[in-house]
Each structure stands twice: as structure tokens, then as C-alpha cells.
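This report refers to the structure that appears directly beneath it.
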Amino acid sequence: MESSILRVGVVGTGAIGRTHIERINNKLSGAKVVVCADKHVEFGKKVAQQYGLKAYESGAAMIASDEVDAVVVATLDPDHEEYVMAAIKAGKYVFCEKPLAPEASACKRIVEAEVTGGKQLVQVGFMRRYDPGYRQLKEAVKSRRYGEPLMVHCAHRNPSVPDDYDTPMAVENSMIHEIDVLRWLLDEEYATAEVKFPRKTRKAYENLRDPQIMILTTKSGIYIDVEAFVCTGHSYDIKCEVCCEDAILNLPKPATIEILENAHRGNDIDSDWSTRFVDAYNIEFQEWIDACKEGCVKGPSAWDGYIGQVTAAAASKARDEQIIVNIEYDEMPQFYKK
Ligand code: ISE
């Protein structure tokens, strides 16, 4: 496998699926998307034609086919489980967009199927772990050169969100990124979750409480606050400040030129996540391709996907009942211990 091309099948050809097809086929090395499938069969066929791929009418048939070495799942969230399970059954590496599945119980079924199958095959698309800035931050925290981390202050601000985005999605669709990346950054499990509602912005839809603040604590007592403000109307802005005993560590902003015009000094900033995290996506997929060819999974595992959903469920309960929820995880199977 090492020198040959990894043949990838993509199931789910919506916007994110198509960016993954373009990325793998035009920017990265060592793999090619050769086939695709979509529940909306005619749409899938159109996408296949546009990118010069073979279309399958069924995702399951595509995954089982000899034409595919590895699978990317980019369908709607409720369909992730079905296709990830099919890939495990076929013994193929599978990259599944976040979340692994909307319910923690479905993530648990995936974990159990993978453990029973005896080989780690699943990677979850938590791309922030690949952002060069978060990687620098992790190195700095891990070195303990600045003392123990005590508090983390984060912001997750979107200029706007689609009109089906509602109150639960702030945790389940947006802050799920912080839930994963902070656990990885601090190398610790969470203990409690709480969600507060500040005054609602006039820009939010009726079904959306915006902004929200999620408060997490870790087992060692680190205190984390994450502001999700998804209808700012002006910018995409991601912040992460780690207060350690001896220094404050800040997530670097992507570098852009400084512009002086009309008696104003400023910098262009990203207007959404697809440009802000483009390097993270490229690095994530290149490392996934390389690992598949080496015969292993190095990125966020099915277990990380399960932990993310258990934490999100606790934060959702905390939000709905306006209480502090203790977070309980199952014991990590030996299989995932590195
Ligand atoms: C979106 O689904 C993403 O995954 C983006 O990374 C995130 O910033 C945004 O808030 C979500 O809606």
C-alpha cells in the first residue's frame, strides 16, 4: 500500500463532502477519491460527473466494493453510524466528519463494534487538533514551562448560522469543537458542565438563544469558559487563552497583512470556519491518508468521538435544566490506550 494510491470513497456529497473531494484530489498526495454516493442519488451522480468519479446508488455498496480502500463519511449526522459501521464491517479505514454520531449511545455502539472487530479503523473529523496554532499551544502547555494550567477562556464567534440552527446546536454543533480540542490540549477528562444564557442578541432567530456560555471543569479543577456567539453579524473569531501559573498563553491568530487606509489601521480576518481552518483541514487529511497507508489510526479516535458526545449531552442537560451536571464516562477500553 505504501507507494500506491489510496482509493477513497466519499459518502455524502453535500458542501463538506465536495470540499473533501477537491482537497484530496487537488491539494494532497497519496490518495484519490474515485467513487462517491449520496442518499439523493441523482444529486450524487451530478457530483460524480462534475469531479470525474464513479457514482454508487448505495453508500453501503460503495463501502463494500473492491474499488475502495478507505472511506470518508460526510453525510448528515444521523446517518454517520450506519456508514461507519459498514466500514468497520468491511475492515476499511473510515474518516467520519464530526460528530461521530449525534447520540453518545450510537458512539458507544461504534466503539464496541471496532473493539470487537479487533482493529482500530475510525477517525473523527475534529480538525482543530491539526490547526498549527492549537498545536503550538498544546506544546507550550504540555512542556509545563509556564506552570500548571488553571483556567481557559475561549470564544467561538460566527458571523451567522443557517436558519435551522437552534439553541442546542451551540453546544452540539459549534462548542463540540472546544469540547474536543480542550480535552486534547489539557490532556485531561472533564468533571462538570454548566451553560449560562447572557442577554439575547436581537440578531438571533426565535429558536436560538445566542450568545451562550458553557462552563466546564476538569478532574484536576481547571475552570473553562467558552462563549458561543454565533450571530455576531460581523466576524468569525476563535479565541483560546490558557492562564497558567506563570504565564498567559494565547492561541495565535492567522497572520494577515496590516492595512493602513483612510486614517484607519487594520487587518483582514476570516469570515468563516472554512477559510480560518483550511490549513487544519489540509493537514488533517494528509495525516489521515499517510496513516491509512502505514496501516494505523493516529487522529481522534472513535473513543474521542464517544467522549465528545457524552460531554455534549451533559452540557445540553445542564443548559435545559439550568443546573451543574457531573460528567460520567465509561472506562476507556485497553484497545484505545496508546
Ligand atoms: C460548523 O458546523 C463548524 O463545524 C464550524 O467549525 C464551527 O465554527 C461552526 O460554529 C459550526 O456551525
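Quick look at the values:
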{"quantity": "Helix-derived mean residue ellipticity, 222 nm - over the chain, DSSP H n ≥ 4, -39500 (n - 2.57), to 500", "calculated": "-10500 deg cm²/dmol"}
{"quantity": "Charge dipole magnitude, Cβ of K and R +1, D and E -1 - region 1-157, Cα centre, debye nearest 20", "calculated": "680"}
{"quantity": "Gain in span if fully extended, Asp246 to Asn25, counting 0.36 nm per residue against the direct Cα distance", "calculated": "75.0 nm"}
{"quantity": "Helix axis angle, 104-117 relative to the chain longest principal axis, alpha carbon, degrees", "calculated": "40"}
{"quantity": "Charge dipole magnitude, Cβ of K and R +1, D and E -1 - region 90-196, Cα centre, debye nearest 20", "calculated": "540"}
{"quantity": "Highest to lowest packing among 318-330, 236-248, 213-225, scored as the average C-beta count within 10 Å", "calculated": "213-225, 236-248, 318-330"}
{"quantity": "Global geometry of region 113-224, whether rounded, prolate or oblate, following the gyration tensor of its Cα atoms and the 1.5 cut on a/c", "calculated": "oblate"}
{"quantity": "Relative packing of 121-129, 72-80, which averages over residues the other C-beta atoms within 10 Å, highest first", "calculated": "121-129, 72-80"}
{"quantity": "Between helix 132-143 and the chain: long-axis angle, C-alpha atoms, 0 to 90°, nearest 10", "calculated": "70"}
{"quantity": "Residue-span extension gain [Glu42 to Asp187] - 0.36 nm each, minus C-alpha spacing", "calculated": "47.7 nm"}
{"quantity": "The chain: relative contact order in percent, alpha carbon pairs under 8 Å with at least 6 residues between", "calculated": "19"}
{"quantity": "Nearest-20 debye value, region 91-152 charge dipole, Cβ charges on Lys, Arg, Asp, Glu", "calculated": "220"}
{"quantity": "Whole-number D in µm² s⁻¹ for the chain, Kirkwood Cα-pair radius fed into Stokes-Einstein, 10 °C, 1.306 mPa s", "calculated": "76"}
{"quantity": "Helix axis angle, 302-321 relative to the chain longest principal axis, alpha carbon, degrees", "calculated": "40"}
{"quantity": "Relative contact order for region 181-338, counting Cα pairs under 8 Å that sit 6 or more residues apart, in percent", "calculated": "23"}
{"quantity": "Most to least packed among 83-94, 136-147, 190-201, 254-265 [average Cβ atoms within 10 Å]", "calculated": "83-94, 190-201, 136-147, 254-265"}
{"quantity": "For region 45-100: relative contact order, % (alpha-carbon pairs under 8 angstrom, 6 or more apart)", "calculated": "32"}
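FYI, it's all coordinate maths here, none of it is from the lab. These numbers were taken from a predicted model, which means no experiment stands behind them. Because the Cβ atoms are built from the backbone with ideal geometry, glycine has one as well, and the counts that use them run over all protein chains shown.
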